[in-house]
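Input: a single structure, listed below in structure tokens.
The values are calculated or read from the model by the stated rules, or taken from the named source; none is laboratory data. Predicted, not measured: the structure shown is a model, and the values here were computed from it. Cβ: placed from backbone, ideal geometry, glycine included. Neighbour counts: every protein chain shown.
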Amino acid sequence: MLAETEFAYQNLLWLLLLIPVLVIIYLLRLKSQQASLKMSSLSMLPEAQSLKTYLRHGLFALRMLALAALVLAMARPQSSSSWQDVSTEGIDIVLALDISGSMLAEDFDPNRLEAAKVVAQDFISGRPNDRVGLVIYSGESFTQCPLTTDHAVLKNLFMQIKNGMIEDGTAIGLGLANAVTRLKDSDAKSKVVILLTDGINNRGSIPPITAAEIAKAFDVRVYTIGMGTYGTAPMPFQHPYGGTHYQNVEVKIDETTLQEIADLTGGQYFRATDNDKLESIYAEIDSLEKSKIEVTEYRKKKEEFTPWIILALALLGLEFLLSHTYFKSAI
């Protein structure tokens with residue numbers, strides 16, 4: 001909650017400029033009333049050295065302070081307290097990540113799989129209000145992490161992903177169907193799957209288009225990403241006698257199917273050919289899927305002029321009391 005002070009009649013504050021004018025008039029009048037007399041010593045006039053003689057000007061100061069307090073009171077100071085209610089309406093997102101052997105190709109730095117993991121984690125960091133889940137697939141598919149807002153746990157599970165966790169192959173339809181299953185009962189305003197693959201569906205019992213039709217039936221929007229350069233990419237292979245050797249392998253991505261999946265579900269298809277392009281794709285998806293944040297601000301005002309009136313009366317009372325008692329002989 002924030003508190004601040006404002007004045008209902010701010011124009012009256014200009015009256016405070018009268019105070020320096022009155023001070024100047026007081027000083028000029030005081031100077032004109034003073035007579036000068038040259039003497040060799042002030043020892044004969046002890047009263048002239050009296051502290052009371054100088055302190056009598058404090059009466060005028062009290063009067064000016066009282067005037068300032070009255071002006072502030074007339075300007076109607078008000079303290080206002082404000083607070084906000086913030087409500088968020090997030091988006092449920094499931095990342096479906098291909099971890100097949102071809103994801104080890106090194107046309108990305110250091111390879112496709114590691115690059116996809118890094119960029120996806122950065123994407124998650126920018127979605128603090130959303131529930132995010134993770135499905136991985138190759139020849140089979142399973143849920144690495146269900147929908148969660150605990151993004152720290154999700155990122156730790158990302159670090160554990162590696163090729164070989166499940167049987168090799170590329171079951172795009174199975175991966176997508178698994179992701180949709182995680183979203184079908186969601187009541188979020190928007191349900192999204194980001195499906196990334198670098199190949200062609202060659203495994204699984206569910207065709208990709210059938211999985212896309214299931215997604216459409218549950219109002220799940222699918223963004224598809226084809227990952228891989230054009231032409232060939234260096235692929236590491238384990239040598240039977242130990243060590244690793246590389247072979248340039250043709251990059252084959254079923255872009256027609258990925259485009260059809262996106263069109264059928266109201267999403268978009270993207271082709272990532274390097275790390276920078278992959279980052280820009282996730283940034284574009286991030287801009288397309290924005291969480292709804294509503295902020296309602298409340299304000300409460302309270303009149304604060306009473307303390308200034310009391311202060312003005314107290315100062316005037318003190319000035320009256322001193323001028324008729326302690327300073328009576330000095331005036």
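Quick check: is even one residue across region 144-158 on the phi < 0 side of the Ramachandran plot and either among the small types (Gly, Ala, Ser) or not assigned by TED's automatic domain parsing to the domain that holds residue 200 (or both)?
So far as region 144-158 goes, yes, one or more of its residues are on the phi < 0 side of the Ramachandran plot and either among the small types (Gly, Ala, Ser) or not assigned by TED's automatic domain parsing to the domain that holds residue 200 (or both).
Conditions: (1) under 25 Å from residue 275 (Cβ atoms); (2) out of contact with any His (no Cβ under 9 Å at 6 or more places or on another chain); (3) among the small types (Gly, Ala, Ser). Residue 173 meets all but one. Number of the miss?
(1)
Restricting to region 243-262, give me the number of residues that are surrounded by 12 or more Cβ atoms within 10 Å (Cβ to Cβ) and either touching a residue at least 60 places away in the same chain (Cβ under 8 Å) or touching a Phe, Trp or Tyr at 6+ places or on another chain (Cβ under 8 Å) (or both).
10
What residue, among those in region 165-187 that are touching a residue at least 12 places away in the same chain (Cβ under 8 Å) and surrounded by fewer than 17 Cβ atoms within 10 Å (Cβ to Cβ), is nearest to residue 133 (Cα to Cα)? Show your work before the answer.
At the first step, the residues of region 165-187 found to be touching a residue at least 12 places away in the same chain (Cβ under 8 Å) are 165-180, 182-184, 186.
Among the residues that remain, those that are also surrounded by fewer than 17 Cβ atoms within 10 Å (Cβ to Cβ) are: 165-168, 184.
Values: 165: 18, 166: 18, 167: 21, 168: 22, 184: 13 Å.
Selected residue: 184.
Among the residues of region 227-242, which ones are surrounded by 22 or more Cβ atoms within 10 Å (Cβ to Cβ) and not aliphatic (A, V, I, L, M)?
Matches in region 227-242: 228 only.
Looking at region 117-148, which of its residues are among the acidic types (Asp, Glu) and in a helix (DSSP H, G or I)?
Of everything in region 117-148, just one residue is among the acidic types (Asp, Glu) and in a helix (DSSP H, G or I), namely 122.
Restricting to region 126-139, name every residue that is surrounded by fewer than 21 Cβ atoms within 10 Å (Cβ to Cβ) and either modelled with pLDDT of 95 or more or touching a Pro at 6+ places or on another chain (Cβ under 7 Å) (or both).
139
Which residues, taken from region 220-242, are assigned to a loop (DSSP other than H, G, I, E, B) and touching a residue at least 12 places away in the same chain (Cβ under 8 Å)?
Answer for region 220-242, where residues must be assigned to a loop (DSSP other than H, G, I, E, B) and touching a residue at least 12 places away in the same chain (Cβ under 8 Å): 228, 229, 230, 231.
Could you pull out the residue among 47, 114 that is modelled with pLDDT under 80 and either acidic (Asp, Glu) or touching a Pro at 6+ places or on another chain (Cβ under 9 Å) (or both)?
Just a single option satisfies the conditions, and that option is 47.
Select from region 199-219 the residues that are assigned to a helix (DSSP H, G or I) and either without any contact (Cβ under 8 Å) to a residue 24 or more places away in the chain or surrounded by fewer than 21 Cβ atoms within 10 Å (Cβ to Cβ) (or both) and list them in ascending order.
Within region 199-219, 209, 210, 213, 214, 216, 217 qualify.
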